[in-house]
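Q: Pasting a structure below so you can have a look.
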Amino acid sequence: SLKVVADNQGYRVRGDVKIGGQPAALDYRKTSDGDADVRVSATLDDAARARLGVDLGQSLSGAIPIKLTGKIAGGEGDNRDNRFGVEADLTAARIDNLLPGWTKVAGKTTKMTFNVIQKPQGTRFEDIVIDGNGTSIKGSLEVDDKNDLVNASFPTFAPSEGDKANLKAERQPDGMLKVTMRGEVFDGRGFIKSAMSGRDQNTKEKSKNFDIDIDAKLGALAGFYGEAVRSIDLKLTRRAGAIRSFSLSGKLGRDTPVIGDLRGRGQGQGQGRDVMYLETSDAGAFFRFTDTYAKMSGGKMWIAVDPPTSDTSPQEGLLNVRDFTIKGEAALDRAVANAPGANSQGVGFSGMRAEFTRQSGQLRVKDGVLRGPTIGATIEGVIDYPVNQVKMSGTFVPLYGLNNMFGQIPIVGLFLGGGSNEGLIGITYEVVGTPGAPVLRVNPISAMAPGVFRKIFDFNTGRQSVPTDFTTPQQ
């Protein structure tokens, strides 16, 4: 629906249009011998962006009002460049690692401006400024005619308040994208949540699963509960959707080393496949850093997990922690209050082991067991990050060493003990709620039931066996 005015000086077009099916307001002015000035304002939602070929999947969602002003070249030939200035209001949008580490919930005021220069061989975005909600990002990037990234430079890269870092990316002659990051401090909580959940990418994102080489050196990578990995040095290479190399070094807690690498499996099932391996002597600090569990102190820990792949295959892994203490867990303190050798400074454990799986945004654990001189426990369950929900269950086994002895006796143990990791006397429990605030519920009637019969009192009698990640055993 347009109003058109034409005269000897040129013509002017103004009115309402639809671009990719989305309503927009247009103001177009063209002189007889010059470039055309154009102004467009519209609100682009997820569907509209997809129709226009700007589908960023889970990285960007929500309605975004935009204003575009610029010039369309009026000369002949393909050597003239079209230039536009764009303003976008990201307040209503939800952002999840659209740029590395940049996350934002809907409702937080954030503005973005940039200039667009269109050329036959690609498009360059200059003078990018993203500001608001503690975010300050400034730089430029260029994409080719297929919208694949050619290079990017962000001298100011602060997705979160307090960040001091810069980021560069450049496409190499062999097609690999080399990403370099340097800085004094960077908020890594967005990275942590994505890494812990192992969330699958959507189909469009997978189709651009290009080769990448990452080289990051930071003075401190901030996590949860005030914990940070200092002097971090990370190198990672991915080719054809598979991790080819991985190395990590840093200091956690009170200058405790944390190291990671890619290594081959040991003997047995899966031999010949590489796993990503991580170890540290301060498991408590690591679990706080990753927002897994806040009440563990100390502990020597290692984790081995399948590297992520370009398909939706689940990642299997194993967690092992020894010699740690749980402090401030009221339900656990009450369970061992009358046990010989009980310590008011916390409940000590000699070891913990759990198998886990990451897939589709979920962390699942199975065959989890904690062992200690005064109490032990079994656990299985799931943390579902997309719906922010925890659901786990297991059995507390007081006086673990003596109690579990019955489960080790053949035949007798089958009836008196519920298995090699469950004792004669135990109390079933479940943990439900959100990952940050789980609620523990105990079924005291089960303390009367020996071994196998205890399963009758389980909270989820008919549920399927589900695994979860190493985050769950602590909770």
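The values are calculated or read from the model by the stated rules, or taken from the named source; none is laboratory data. Predicted model only: the values in this text are computed from it and were never measured. Virtual Cβ from ideal backbone geometry, glycine too; neighbours counted across all protein chains shown. SASA here: full protein model, heavy atoms, side chains in, ligands and nucleic acids out. Shrake-Rupley method; radii C 1.70, N 1.55, O 1.52, S 1.80 Å.
Q: Name the residues in the stretch 381-399 that are polar (S, T, N, Q) and in a strand (DSSP E or B), would you? Can you show your working first?
A: Step one: of the stretch 381-399, the residues polar (S, T, N, Q) are 388-389, 393, 395.
Across the stretch 381-399, the qualifying residues are GLN389, SER393, THR395.
Q: Can I ask one more? Scanning the stretch 73-88 for residues that are within 28 Å of VAL179 (Cα to Cα) and open to solvent by less than 60 Å² (accessible area, probe 1.4 Å), which turns out modelled with the lowest pLDDT?
A: Filtering first and then ranking leaves PHE84.
Q: Tell me which of these ASN147 doesn't satisfy, since it passes every other one: (1) on the phi > 0 side of the Ramachandran plot; (2) at pLDDT 90 or above.
A: Of everything listed in (1) on the phi > 0 side of the Ramachandran plot; (2) at pLDDT 90 or above, ASN147 misses just condition (2).
Q: To continue, here is another question. What number goes with the only condition from (1) at pLDDT below 60; (2) within 28 Å of THR290 (Cα to Cα) that GLU422 does not pass?
A: (2)
Q: Moving on to the next point. Which condition number in (1) over 20 Å from ILE303 (Cα atoms); (2) under 18 Å from the mean Cα position of the chain (by Cα) is the one that ALA240 fails?
A: Going through (1) over 20 Å from ILE303 (Cα atoms); (2) under 18 Å from the mean Cα position of the chain (by Cα) one by one, ALA240 breaks only (2).
Q: Within the group ARG353, ARG358, which residue is assigned by the TED database to the domain that holds THR378, open to solvent by less than 50 Å² (accessible area, probe 1.4 Å) and assigned to a strand (DSSP E or B)?
A: Going through ARG353, ARG358 in turn, just one is assigned by the TED database to the domain that holds THR378, open to solvent by less than 50 Å² (accessible area, probe 1.4 Å) and assigned to a strand (DSSP E or B): ARG358.
Q: Another one. Quick one: is LYS235 in a strand (DSSP E or B), modelled with pLDDT of 75 or more, of a type outside the set (Phe, Trp, Tyr) and in the same structural domain as LEU248 (by the TED database)?
A: Details: in a strand (DSSP E or B): yes; modelled with pLDDT of 75 or more: yes; of a type outside the set (Phe, Trp, Tyr): yes; in the same structural domain as LEU248 (by the TED database): yes.
Here the answer is yes, as LYS235 does meet what is asked.
Q: Got a number for residues in the stretch 367-402 being touching a Ser or Thr at 6+ places or on another chain (Cβ under 6 Å) and among the basic types (Lys, Arg)?
A: 1
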